[in-house]
Amino acid sequence: MGEPDRDRLAVVGAGVMGTGIAVLAVGHGIPVVLVDVLDDRLAEARREIQLGLRHGRLMGALPTDVAAGTLTTTTDLDDIAEATAVVEAVTEDAAVKTKVLGEASALVAPATPLISNTSGIPIGELADAVRRPEELVGTHFMNPAYLITMVEVVRGPATGVATMLGVQTLLGHMGRRGMVVRDAPGFVTSRLLHPMINDAVRVVADGVADVETVDELMRGCLGHPTGPLRTADLIGLDNLADALRLLAERTGNERHRPAQLLLDKVAAGDLGRKSGRGFYDYGKVLL
């Protein structure tokens, strides 16, 4: 994986994160095979990727002097076989991830980095599913991946030196800086950010302040760039609830249990920006 024009990236999962990672790669001239089980989701992803490319270039986050990489979408996982790296970006569920990673591991050539994009599932938990555990590494891209230039990179207990070099090289080709952390539930960013957001939800549920006031105080007094509840809407409230459950189960810390108000919003289908409604509704506070 020495030159950008020789990278061939496969992304498995055409949700919010998989689509954002595809925008980042294609925008830096890297060809991408995007895999999902649903044709409708792939059609929507193609539209989102084109919008993301335009947005990223307008924001100066993607190069304007580099031809976009080719984008291929498919429902056939076999189409990842020629990839030089694979990003698994399916739902934040260990059982689903292990299934996909195991199947991908059987398809790609030896020495191909398998990159699990996760907000907190330990890489050591996933390693038994793959043929060559030394090729498995974790990343935690932030959303939107094509705008945020730093990536958390998680070295699992068996991750090899060549895999670490490979993922850092790929990130460099996409203009990203990888910060390496040790394997643990929630790593660094989720372990700090998600409980803070959960506490902000509880503050609102307790009637201490409304959504907008909480966010404005966190921005104006504590320097949070967007406020925790706007951040929650960007993450996706369902994704946030799943990540908090994972943290609670693996750390035993009850503070990490998703707040009831968060669970109620997920049950109502108010998932944040991706559904058009979360703690905010097109700029209008819901609570």
When segment 164-186 is examined, which residues are found to be more than 30 Å from Ala248 (Cβ to Cβ) and touching a helix residue (DSSP H, G or I) at 6+ places or on another chain (Cβ under 6 Å)?
His173, Met174
Only one of (1) at pLDDT 90 or above; (2) of a type outside the set (Asp, Glu); (3) assigned to a helix (DSSP H, G or I) does not apply to Pro258, and that is (3)
Condition first: at pLDDT 95 or above, of a type in the set (Asp, Glu) and within 19 Å of Leu165 (Cα to Cα). Can you find one or more residues in segment 68-77 that meet it?
no
Regarding segment 99-119, can at least one residue be identified that is hydrophobic (A, V, I, L, M, F, W, C), outside the structural domain of Leu247 (by TED's automatic domain parsing) and closer than 23 Å to Leu237 by Cβ?
no
When Ala104 is evaluated against the numbered criteria (1) crowded, with 17+ Cβ neighbours inside 10 Å; (2) in a loop (DSSP other than H, G, I, E, B), which criterion, by number, is the only one it fails?
(2)
Go through segment 49-80 and count every residue that is in a loop (DSSP other than H, G, I, E, B), crowded, with 16+ Cβ neighbours inside 10 Å and in contact with a strand residue (DSSP E or B) (Cβ under 9 Å, 6 or more places away or on another chain).
1
Find the residue count for segment 209-223, including only residues that are free of Cβ contacts under 8 Å to residues at least 40 places away in the same chain and surrounded by 18 or more Cβ atoms within 10 Å (Cβ to Cβ).
3
Could you list, in sequence order, all residues of segment 97-146 that are under 20 Å from Asp78 (Cα atoms), of a type in the set (A, V, I, L, M, F, W, C) and touching a Gly at 6+ places or on another chain (Cβ under 9 Å)?
Val100, Ala111, Ile115, Ala129, Val130, Leu136
Looking for whichever is in contact (Cβ under 8 Å) with a residue 40 or more places away in the chain and not charged (D, E, K, R) here; the options are Ala45, Ala22, Ala67. Which one fits?
Ala22
Looking only at segment 224-277, filter to residues that are free of Cβ contacts under 8 Å to residues at least 60 places away in the same chain, within 18 Å of Ile121 (Cα to Cα) and aliphatic (A, V, I, L, M); which one of those is surrounded by the fewest Cβ atoms within 10 Å (Cβ to Cβ)?
Ala248
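Filter segment 108-121 down to the residues that are more than 18 Å from Gly172 (Cα to Cα) and crowded, with 21+ Cβ neighbours inside 10 Å and list them by number.
Of everything in segment 108-121, those that are more than 18 Å from Gly172 (Cα to Cα) and crowded, with 21+ Cβ neighbours inside 10 Å turn out to be Val108, Thr118, Ser119, Gly120, Ile121.
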Among the residues that make up segment 267-283, is at least one of them at pLDDT 95 or above, closer than 24 Å to Phe187 by Cα and either of a type in the set (Val, Ile, Thr) or in a helix (DSSP H, G or I) (or both)?
no
Where residues in segment 162-216 are assigned to a loop (DSSP other than H, G, I, E, B) and β-branched (Val, Ile, Thr), which of them is nearest to Tyr280 (Cα to Cα)?
Val208
Search segment 24-42 for residues being touching an Asp or Glu at 6+ places or on another chain (Cβ under 8 Å) and either of a type in the set (Val, Ile, Thr) or assigned to a loop (DSSP other than H, G, I, E, B) (or both), and hand back the single one that is farthest from Glu103 (Cα to Cα).
Gly29
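Residue-wise test of (1) within 14 Å of the chain's Cα centre (by Cα); (2) surrounded by fewer than 18 Cβ atoms within 10 Å (Cβ to Cβ); (3) more than 22 Å from Arg6 (Cα to Cα).
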| position | (1), (2), (3) |
| --- | --- |
| Ala145 | yes, no, no |
| Ile148 | yes, yes, yes |
| Pro157 | no, yes, yes |
| Thr163 | no, no, no |
| Gly166 | no, no, no |
| Leu170 | no, no, no |
| His173 | no, no, no |
| Arg177 | no, yes, no |
| Val181 | no, yes, yes |
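The values are calculated or read from the model by the stated rules, or taken from the named source; none is laboratory data. Remember, it's a predicted structure, so these values are computed and weren't measured experimentally. Positions of Cβ are generated from backbone atoms using ideal geometry, with glycine treated the same way; all protein chains shown enter the neighbour counts.
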